[in-house]
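What follows is calculated from the coordinates using simple rules that are stated; it is not laboratory data. The model shown is predicted, which means the values in this text are computed figures rather than measured ones. Cβ sites come from the backbone with ideal geometry, for glycine too, and all protein chains shown count toward neighbours.
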Amino acid sequence: MKPSPHLNLFEAIAQGIIEAPAGDDHPAADRWRWFADLYANRTWGLVAAIDGFPRLVADQIAAACRDTATDRATIEQWQGIADLARTARTAALSPGLDIAWSAVADTCTDALDHLAGHTFGGLEAILGALDALGHEHETTIAMSFARDAYTAWQHRIAPPATSDRNVA
């Protein structure tokens with residue numbers, strides 16, 4: 001498999017030069033909700049960006065992420081997704097799709113760690129998703145998806161807009 005054409009971006013994130021979205025210093029619930037969108041957002045998520053990444057499965061992953069954000073996820077739920085990702089990787093028709101399934105597997109590992117009470121990073125899944133984009137699309141298109149993912153994260157963590165009105 002050839003390296004992603006966006007290796008410099010990924011190296012910069014991996015080395016901490018550029019902050020990855022959904023960083024460890026943010027609340028886990030916000031991070032899990034963003035991960036749900038990373039897979040299932042119809043505009044910038046992997047379901048929109050990676051040909052062959054099934055919508056039904058993306059929705060299942062997103063539901064598990066949202067359940068994890070609200071402490072309703074189960075180990076069995078995440079193990080089922082991990083099994084699906086492992087099987088899907090064997091049938092992936094492109095390097096980008098294979099890497100996307102690897103990102104799903106990384107998210108499953110993070111979720112199982114989280115459910116066991118351990119800290120989770122998420123960086124491997126983020127890098128995998130971005131790398132999948134780099135393998136599937138020309139630079140400008142891949143970077144557009146990446147920019148949208150960053151923008152979605154920024155909107156998620158932005159403080160609520162304040163009003164100039166006086167509240168009585």
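Note: relative contact order over segment 27-144, using C-alpha pairs below 8 Å and six or more positions apart, is 22 percent. Modelled this way, with points 7 Å down the Cα-to-C-beta line, the labels at ARG55 and ARG147 are 2.6 nm from one another.
Among the trypsin sites (Lys or Arg not before Pro) found in segment 26-98, those both in a DSSP coil and sparsely packed, with 11 or fewer other Cβ atoms within 10 Å of their Cβ, are ARG42, ARG72.
Using only the Cα atoms of segment 1-86, build the gyration tensor, take square roots of its eigenvalues as a ≥ b ≥ c, and label the shape rounded, prolate or oblate: rounded if a/c is under 1.5, else prolate if a/b is larger than b/c, else oblate. Oblate. Restricting to DSSP H runs of at least four residues, report the calculated mean residue ellipticity at 222 nm for the chain, -39500 (n - 2.57) per run over all residues, nearest 500 deg cm²/dmol. The helix contribution divided over the chain gives -21500 deg cm²/dmol.
Kindly state, to the nearest 0.05, the FRET efficiency for ALA91 paired with ALA158, given R0 = 35 Å and r defined as their beta-carbon distance. If you can, show how the numbers build up before the last one.
On the way: r = 40 Å, r/R0 = 1.13.
Here the calculated transfer efficiency is 0.30.
Note on ALA12 and HIS118: their simple-model spin labels are 3.1 nm apart, each label 7 Å out from Cα toward Cβ. This model, with +1 at the C-beta of Lys and Arg and -1 at the C-beta of Asp and Glu, gives the chain a dipole about its Cα centre of some 360 debye. Estimated translational diffusion coefficient (Stokes-Einstein, Kirkwood radius over Cα pairs, 37 °C, 0.692 mPa s) of the chain: 202 µm² per second.
Using the 10 angstrom Cβ neighbour count as an exposure proxy, how do LEU93, LEU130, LEU123 rank, fewest first? Mind showing how you got there, number by number?
Details: LEU93 9, LEU130 25, LEU123 17.
In increasing order of surrounding Cβ atoms, one gets LEU93, LEU123, LEU130.
Taking label positions 7 Å along the Cα-Cβ direction at both ASP25 and GLU76, the computed distance is 4.0 nm, reported to one decimal.
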